[in-house]
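Read-outs: derived from the displayed coordinates by stated rules, not from any lab. Computed from a prediction, not measured in an experiment: that's the story for all the values here.
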Amino acid sequence: MGMWKQYVGAAKIAWGELTEDELLQSQGRGEKLAGLLQERYAISRDAADAQVKRFLDTLPTL
């Protein structure tokens with residue numbers, strides 16, 4: 001989780017509807033992030049998975 005804390009700010013910019021606490025609790029796990037996005041933004045699981053993949057691919061290795 002240590003590395004993920006460094007990227008929470010960028011994730012907050014990408015997904016402003018998610019709280020910092022939610023992002024920290026996800027610990028950068030793609031499945032958890034996608035679930036949060038799907039719920040908060042009312043998007044399909046495929047769309048949420050794609051957003052998370054694109055975001056995580058931009059980050060240095062976690």
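Note that the chain shows a convex hull volume over its alpha carbon atoms of 67 Å³ per residue.
Comparing A34, A11, A42 in a Gaussian network model of the chain (Cα springs below 10 Å), the most mobile by mean-square fluctuation is A42.
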